[in-house]
Amino acid sequence: MAVAGGAVRGRFAVVGGGIAGVTCAEKLAAEFPSEDIFLITASPVIKAVTNFKQVSKTLEEFDVEEQPSFLLEKRYPNIKVIQSGVKQMKSDEHKIYTEDGREYIYEKLCLCAGAKPKLIVEGNPYVLGIRDTDSAQAFQKTLAQAERVVVVGNGGIALELVYEIQGCEVIWAIKDKAIGNTFFDAGAAEFLLPKLTAERRDTPIECKRTKYTLEGSKEKGRPAEASDKLGSALGPDWHEGLHLKGTKEFSHKVHIEILCEVKTIYLQQEFIQLQRTSVTFPKGEKNAEADEVLWPVYVELTNEKIYGCNFIVSATGVVPNVEPFLDGNNFAVGEDGGLEVDKHMHTSLTDVYAAGDICTAAWEPSPVWHQMRLWTQARQMGWYAAKCMAADALGESIDMDFSFELFAHITKFFNYKVVVLGKYNAQGLGSDHELILRCTKGHEYIKVVMQNGRMMGAVLIGETDLEETFENLILNQMDLSAYGENLLNPDIDIEDYFD
């Protein structure tokens with residue numbers, strides 16, 4: 001670590017303590033054991049991948065653990081964690097200025113600053129965005145006093161949240177026709193719906209991913225403003241260990257409002273002055289008293305209905321966290337607001353790479369891969385970005401990583417194992433495709449997307465054991481026309497044919 005005129009000099013710097021940043025720093029530290037790797041992060045904890053398991057060629061499962069940064073430095077003595085936000089970046093000078101007043105000179109830099117929640121409205125105390133552990137804990141506290149919440153959004157976090165909340169009425173506003181639009185079609189949504197209304201909860205499948213603790217942060221007296229800093233993203237089991245229970249005795253009351261968005265949010269005073277009326281929880285029961293209740297906040301939906309509630313959860317996706325880096329740097333920025341990267345994770349600026357939620361894949365993707373801001377992709381991109389930085393530093397060439405051949409993601413919704421492969425929702429295939437379905441109520445839901453006799457994608461819900469077979473069929477693009485509908489015939493052991 002050379003110090004030049006007040007600036008600290010290092011060969012590699014990485015910004016961001018989430019999965020992409022930590023994976024990138026670890027890989028660089030392993031490739032260059034005698035070089036210092038700077039990891040600049042605003043959070044007191046980092047996200048580490050543990051219990052990594054390669055399920056198949058492209059499917060991977062891992063736990064994500066929040067750890068104090070000194071554990072990372074212990075594992076890799078050449079990683080230097082700098083706990084501070086980035087104030088400014090001067091790419092032409094290869095310099096990063098941190099909020100604690102220091103400057104760092106790098107040879108190669110990887111930006112992995114993640115994304116922040118896309119809130120339906122900024123600065124309203126009754127609107128909570130859930131994105132990281134701090135916000136999840138704030139949510140848990142608020143929920144303990146709540147009788148009714150409105151959840152807005154239809155992605156993974158909204159799905160899990162609505163399923164997990166007990167003892168509290170939930171109005172779920174989605175802009176689509178069916179729940180879980182990011183991952184499912186209407187058929188899969190229908191398959192999952194009974195689980196939402198079931199009173200008795202199944203014992204959860206043993207959670208194989210993450211437990212959230214901000215170990216040590218309480219004792220050390222975290223600075224009050226720390227919760228406003230951006231934490232790292234939540235993963236698929238973020239609600240494990242959180243006690244998501246409201247004040248009521250029943251377990252589950254969910255009402256879904258489809259094809260609508262939030263039009264206006266009124267605070268109580270405003271609502272009284274406007275003399276509007278709000279509707280009771282639609283359950284067919286005669287609980288007229290609910291209408292008389294004065295709620296702290298009211299939500300008017302685009303379908304003209306108004307609901308009062310204790311608070312609103314905004315789970316409407318994320319926007320890449322590019323703010324600190326744009327000023328004075330001429331980045332090419334994608335339509336979704338991310339920093340564009342080529343097939344070697346290189347941004348449009350010399351010696352600056354990006355990985356994870358902050359970046360936008362601007363290369364020509366494989367026909368069965370697409371970018372989605374998920375933990376699995378953050379890990380793959382962080383690892384691959386480090387490989388590219390290393391190859392570049394050593395003047396070597398490198399091939400595109402295999403994980404970008406096929407989109408593959410494994411998760412859990414409503415206690416079911418869920419695997420999505422390739423163009424699982426026929427993304428970008430136009431009307432030129434067909435679907436083959438197999439569904440056993442309460443047990444499994446299988447959908448494959450076919451185009452010209454070839455499998456392009458699949459959704460597998462439940463313990464189907466078909467993921468590897470389907471992965472191979474999508475990757476080798478074998479002509480399956482001869483099988484037609486029989487492809488999913490339960491009496492034909494498809495695995496024997498194609499493994």
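A few points about this structure:
- Qualifying residue in region 372-391 (condition: out of contact with any Pro (no Cβ under 9 Å at 6 or more places or on another chain), in the same structural domain as residue 330 (by the TED database) and assigned to a loop (DSSP other than H, G, I, E, B)): yes
- The residues in region 123-168 that are within 27 Å of residue 44 (Cα to Cα), surrounded by fewer than 18 Cβ atoms within 10 Å (Cβ to Cβ) and modelled with pLDDT of 85 or more can be counted, and the count is 3.
- Scanning region 347-361 for residues that are under 20 Å from the mean Cα position of the chain (by Cα) and open to solvent by 10 Å² or more (accessible area, probe 1.4 Å) yields 357, 360, 361.
- Scanning region 451-464 for residues being open to solvent by 10 Å² or more (accessible area, probe 1.4 Å) and within 25 Å of the chain's Cα centre (by Cα) gives a total of 3.
- Hits in region 425-450 - residues which are open to solvent by less than 40 Å² (accessible area, probe 1.4 Å) and closer than 26 Å to residue 364 by Cβ: 426, 429, 448, 449, 450
- Among residues of region 427-484, those that are in a helix (DSSP H, G or I) and under 17 Å from residue 370 (Cα atoms), counted: 3
- Taken together, the residues in region 426-456 that are touching a strand residue (DSSP E or B) at 6+ places or on another chain (Cβ under 6 Å) and at positive phi amount to 1.
- Restricting attention to region 312-346, the residues being within 24 Å of residue 156 (Cβ to Cβ), outside any loop (DSSP other than H, G, I, E, B) and either without any contact (Cβ under 8 Å) to a residue 24 or more places away in the chain or of a type in the set (A, V, I, L, M, F, W, C) (or both) number 6.
- All positions within region 60-84 that are over 19 Å from residue 375 (Cα atoms) and in contact (Cβ under 8 Å) with a residue 60 or more places away in the chain: 68, 80, 81
- Total residues in region 281-298, condition modelled with pLDDT of 80 or more and open to solvent by less than 40 Å² (accessible area, probe 1.4 Å): 5
- Figure legend. Inter-residue proximity from region 86-108: first residues not assigned by the TED database to the domain that holds residue 32, second residues surrounded by 17 or more Cβ atoms within 10 Å (Cβ to Cβ) and among the charged types (D, E, K, R), beta-carbon distance below 9 Å, spacing 6+ or different chains. No pairs are indicated.
- Residue match in region 347-365 (condition: assigned by the TED database to the domain that holds residue 49, without any contact (Cβ under 8 Å) to a residue 60 or more places away in the chain, in a loop (DSSP other than H, G, I, E, B) and hydrophobic (A, V, I, L, M, F, W, C)): yes
- Beta carbons closer than 8 Å, at least 6 apart along the sequence or on distinct chains, pair a first residue in region 148-161 that is assigned by the TED database to the domain that holds residue 278 and closer than 15 Å to residue 178 by Cβ with a second that is open to solvent by 10 Å² or more (accessible area, probe 1.4 Å) and among the acidic types (Asp, Glu) for 154/176.
- Strands (runs of 3 or more DSSP E) enclosed by region 18-92 - at least 1 residues per element that are within 30 Å of residue 471 (Cα to Cα): 45-54, 60-68
- Qualifying positions in region 397-415 - assigned to a strand (DSSP E or B) and either open to solvent by 20 Å² or more (accessible area, probe 1.4 Å) or acidic (Asp, Glu) (or both): 412
- Any hit, region 324-333, residues being at pLDDT 95 or above, surrounded by 22 or more Cβ atoms within 10 Å (Cβ to Cβ) and under 24 Å from residue 400 (Cα atoms): no
- Residue check for residue 114: buried (at least 23 other Cβ atoms within 10 Å of the Cβ), closer than 22 Å to residue 326 by Cβ and modelled with pLDDT under 95: yes
- Scan of region 307-361 for residues that are touching a strand residue (DSSP E or B) at 6+ places or on another chain (Cβ under 9 Å) and of a type in the set (S, T, N, Q), ordered by number: 310, 314, 316, 321, 329, 347, 348, 360
The values are calculated or read from the model by the stated rules, or taken from the named source; none is laboratory data. On a predicted model such as this, the values are computed, not experimentally measured, just so you know. Cβ atoms come from the backbone with ideal geometry, glycine included; neighbour counts cover every protein chain shown. Just the protein is used for accessible areas: all its heavy atoms, side chains included, with ligands, DNA and RNA removed. Shrake-Rupley method; radii C 1.70, N 1.55, O 1.52, S 1.80 Å.
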